Amino acid sequence: MSLIDSLSESLEQKKSRNLYRHRRIVSSPQGAEIVVDGQPVLSFCSNDYLGLANHPDVIAALQEGATIYGVGSGASHLVTGHSSAHHELENALAKWMGRERALLFSSGYMANIGVISALCQRNDLVLQDRLNHASLLDGARLAGAQLKRYAHNDIEALEQRIAGCSGSVLIVTDGVFSMDGGLASLPEIAALAKTHDAILMVDDAHGFGVIGQQGRGVVDHFKLNNNNVPILVGTLGKSFGTFGAFVAGSEALIETLIQQARSYIYTTALPPAVAYATLVSLELLESDDWRRDHVQMLITHFRQRALDAGLPISDSQTAIQPLIVGESKRAVVLSEALLKRGILVSAIRPPTVPKGTARLRITLCATHTKSQVDHLLNLLIELWKSTAIRT
Ligand SMILES: *Cc1c(COP(=O)(O)O)cnc(C)c1O
């Protein structure tokens, strides 16, 4: 059978195992209510936690940025693509996080593969939490480094894997786990890294904006700093509401990435207007504590009612509140039943999450009202009782 013939067969297999994925077409801006495949729905699956993706000031800045810089950056950062808007945003991000430097990447995926493959070689050991984002695993694979995964947040397992290793060790973890909502046990991991002279890298895509003082993320939440977590990655497409990503750390780290990170060097820089708009979203993210407070209120309310009703939520305290339903089929049926009732929550299935832990990944954002969350809860509680969902 040719390679192309075998494609249809494996696609059919995915369908029969409820693992086939479809794209929906969105024709509105992000927000609590969006238009999907022509239908208005109440959405609980965006990562636009603070509601900045459709903020009038950010939109105006993007437009102004396009007037100043045009649309495309025209080249990579090392050729002629590095604009004053990019430069200013890097400085603002570094200052905000209290680090020497920050470096923009075109996406979080590229930042992660760039950092790990620039810093690690064949004999180095990269230790990763089992639930880490795919881009972190791919980074270690691309580096050709020894990749070992440890059970989720399991400090003993992590220590066992470090013991006896002679080369350099990089420990990598999500700050807030993207499909789970839980926090990494950072103080313990940082202490262990120190004992064993390992370097700690944290990808805080879902922590920035939501937790920590003024949204400074998980490192700030645990009162750690550049000494404990020398490599910090954040993305701009989530709480910041724009696009792109950054790595923050020491002068030497950032200069090394500029010289060596292939996903930094061999790609076109972000449109400068996106960086220009992100300067405004950073200001809003920092100053608008009420957005974080509102999300926090929704989280507390959601958890209280969900627990009272016996829904299988995880113990997440963040904006990501998954309902762990188990089998893929059940997650799909529940997601479809909600959609029929005008609510969009995506079913997350293996391989994105471990087998047998398919879930509805519910996210709560500053754009949601309490009554919208109550509406979701009412439907979830009603559907969860119905036998069609349970069996
Ligand atoms: C979303 C995400 C990324 C990828 O960021 P993009 O900018 O979307 O490429 C990386 N790491 C984590 C933990 C994420 O959630």
Checklist entry - How many residues are in a helix (DSSP H, G or I), small (Gly, Ala, Ser) and away from the ligand (no atom under 16 Å from the Cβ) if we restrict to the range 58-110? => result 9
Checklist outcome for this item: Here the residues within the range 358-370 that are assigned to a loop (DSSP other than H, G, I, E, B) and either surrounded by fewer than 20 Cβ atoms within 10 Å (Cβ to Cβ) or at pLDDT below 90 (or both) are Thr369
Item to check | Residue list for the range 141-150, filter: in a helix (DSSP H, G or I) and within 16 Å of the ligand (Cβ to nearest atom) | outcome: Arg141, Leu142
Checklist outcome for this item: The residue from Ser73, Ser83 that alone is modelled with pLDDT of 95 or more, surrounded by 21 or more Cβ atoms within 10 Å (Cβ to Cβ) and farther than 18 Å from Ser281 by Cβ is Ser73
Next on the checklist: Looking only at residues that are outside any loop (DSSP other than H, G, I, E, B) and either modelled with pLDDT under 95 or β-branched (Val, Ile, Thr) (or both) in the range 200-230, which one is surrounded by the fewest Cβ atoms within 10 Å (Cβ to Cβ)?
Outcome noted: Val218
Item to check | Qualifying residue in the range 155-167 (condition: more than 30 Å from Ser287 (Cβ to Cβ) and under 21 Å from the mean Cα position of the chain (by Cα)) | outcome: no
Item to check | Residue list for the range 1-26, filter: surrounded by 11 or more Cβ atoms within 10 Å (Cβ to Cβ) and not aliphatic (A, V, I, L, M) | outcome: Glu12, Gln13, Lys14, Arg17, Asn18, Tyr20, Arg24
Checklist entry - Tally time: how many residues in the range 111-140 are within 16 Å of the ligand (Cβ to nearest atom), charged (D, E, K, R) and either under 22 Å from Thr268 (Cβ atoms) or surrounded by fewer than 22 Cβ atoms within 10 Å (Cβ to Cβ) (or both)? => result 2
Item to check | Residues (more than 16 Å from the ligand (Cβ to nearest atom), out of contact with any strand residue (DSSP E or B) (no Cβ under 8 Å at 6 or more places or on another chain) and not acidic (Asp, Glu)) located in the range 39-57 | outcome: Gln39, Gly51, Asn54, His55, Pro56
Item to check | Selection within the range 151-184 - small (Gly, Ala, Ser), more than 16 Å from the ligand (Cβ to nearest atom) and within 20 Å of His133 (Cβ to Cβ) | outcome: Ala151, Ala157
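The values are calculated or read from the model by the stated rules, or taken from the named source; none is laboratory data. Just so it is clear, the structure is predicted and the values come from calculations on it, not from any experiment. Quick reminder, even Gly has a Cβ in these numbers, built from the backbone with ideal geometry, and neighbours come from all protein chains shown.
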